[in-house]
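Laboratory data are not the source of any read-out in this text; all were calculated from the coordinates shown. Since we're looking at a predicted model, the values are computed, not measured. So basically every Cβ, Gly included, is an ideal-geometry build from the backbone, and we count neighbours across all protein chains shown.
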Amino acid sequence: MLWLYIKTDDRLIMKNIKKITVIGLGLIGGSLALSLKELSEDISVTGYDIISDALSIAKYRNIIDRVASNYAEAVREADLVIIATPISMILDVIKSIKGYIKKGAIITDVGSAKEKIVNEVNKILPPDAIFIGGHPMAGSENEGVLSARADLFKNAFYILTPTDNTKTESLVSLHALLSGIGSKVISISPREHDEIVSLISHLPHILSTNLVALVGNEQTELKNLFKLCAGGFRDMTRIAASNPKMWLDITLENRNEIIKSINKYIAFLNIFKESLEKGDSEFIKNHYNIAKEARLNIPKYVEKDISNLYELMIAIPDKRGVLSDITLAISSRSINIEDISIFHSTEFVGGGILKILVQGENAGEIAKKAVEEKGFEARIRKVLGD
């Protein structure tokens with residue numbers, strides 16, 4: 001059982017998530033079920049999938065504790081519902097479960113496009129249901145529940161996309177739960193999410209598939225083309241072998257942001273082509289050097305350095321949307337939130353104290369400034385000291 005401790009009037013109130021339902025038992029859904037079951041013996045996971053074989057395999061492998069026979073049975077008692085279906089099915093699932101969700105339950109998804117899903121889901125669900133969009137940045141070349149594993153999300157980014165209407169305690173609970181399975185949880189707006197993944201995930205897949213298609217087309221004239229494909233081509237095109245149906249859904253769901261990213265990429269290619277036509281060796285050399293440096297610097301943005309861990313204490317009023325306002329302000333400055341907790345106290349009437357851990361060089365001051373610009377008071381300290 002996951003406990004969120006909130007101190008109010010010297011009493012310890014425990015908010016828990018112990019009954020979890022996973023709808024869609026593929027690689028992601030199955031791996032989430034496994035990893036969440038390992039958090040505590042008190043957590044019980046119910047599974048549902050329209051494919052009966054997936055359910056049977058999940059139960060046989062002890063990925064889930066209980067098999068549901070329909071949507072109503074699956075979600076009726078759940079504290080948390082995770083929709084891990086293909087993105088094209090999420091809204092249909094929401095429509096199927098909306099009448100059976102218990103009051104206060106948290107619903108999340110794993111779709112890799114967020115803005116449209118978040119907007120549409122919030123129109124469908126009843127007011128007392130809490131939807132928080134989610135996207136685990138994890139995967140495998142293997143597919144299906146047979147490939148599910150409990151460590152899939154360890155050290156992987158898990159994005160949450162709260163809105164102004166997101167309840168503070170629900171976001172804290174889900175953040176803590178996902179951090180518990182080893183994910184690096186960050187919160188950004190649905191729109192920013194779609195802009196980012198269009199560039200770092202969706203565009204690379206499209207470039208990969210189009211390069212394979214180009215080489216395949218040229219193969220009719222250059223018979224030995226595929227035979228001579230070496231490491232560079234294979235590394236860049238590995239993701240072209242991913243599930244076509246899944247990528248069709250993703251591409252259409254995030255098509256507006258993907259089109260923008262393609263246009264930006266074409267503009268860069270045209271500049272490079274023009275420099276090549278001019279024989280501008282200086283531009284080309286600088287281009288290669290800049291790209292090399294940027295690629296070599298990626299690890300420093302990903303790897304943690306606990307010497308740069310800061311704690312922010314923020315006084316917050318007790319109203320909806322405050323937590324998402326603060327977390328989005330911090331995340332928009334490219335600051336990673338490591339942990340969140342809330343303490344209600346008689347010292348601060350009508351609200352509480354929000355404690356946030358952030359990581360990175362100068363992250364504390366940057367996060368503090370972002371919070372203060374939103375009108376909140378914040379104190380900061382370096383966790384390990386100087």
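Can you list which of the GluC sites (Glu not before Pro) found in the stretch 138-191 are DSSP loop residues with at most 16 other C-beta atoms within 10 Å? Sites meeting the loop and neighbour criteria: E141, E143.
Just to verify a number: FRET efficiency for E361 and F157, C-beta to C-beta distance, R0 = 30 Å, to 0.05? FRET efficiency, E361 to F157: 0.95. A helix-only calculation puts the chain at -12500 deg cm²/dmol for mean residue ellipticity at 222 nm, using -39500 (n - 2.57) for each DSSP H run of at least four residues, averaged over all residues. To the nearest 10 degrees, how steeply does helix 27-37 sit against the main Cα axis of the chain, on a 0 to 90 scale? The angle comes out at about 30 degrees. Taking amide H positions as modeled 1.01 Å from N, with prolines and chain starts lacking one, the residues under 5 Å from G133 and 5 or more places away or on another chain are T161.
In summary, the aspartates and glutamates within cross-link reach of K123, defined as a Cα separation below 18 angstrom excluding same-chain residues under 8 places away, comprise D92, D109, E115, D164, E253.
Rounded to the nearest 0.05, the FRET efficiency derived from the C-beta distance between K123 and R76 at R0 = 25 Å is 0.65. For the Cα atoms of the chain, what angle does the longest principal axis make with the long axis of helix 168-180, in degrees from 0 to 90, nearest 10? Helix 168-180 sits roughly 60 degrees off the main axis of the chain. For the chain, the antiparallel share of DSSP beta bridges with both residues in that region comes to about 60%.
Ranking of E372, E311, E282 by neighbouring Cβ atoms within 10 Å, starting from the fewest: E282, E372, E311. Relative contact order for the chain: what percent, with Cα pairs under 8 Å and sequence separation of 6 or more? It rounds to 15 percent for the chain.
Can you list the residues of the stretch 86-114 with backbone N under 18 Å from a point 7 Å past the Cα of I196, pointing along Cα to Cβ? Flagged as within label range: 109-114.
For K114, nonlocal amide neighbours, meaning residues 5 or more places apart or on other chains whose placed amide H falls under 5 Å from its own, are D194.
In this structure, the residue pairs whose Cα-Cα separation is over 23 Å, taken from K319/K374; K114/K167; K95/K116; K37/K355; K184/K368; K37/K102, are K37/K355.
Annotation: amide H-H contacts under 5 Å for D339 (H modelled 1.01 Å from N, sequence separation of 5 or more, or interchain): L357.
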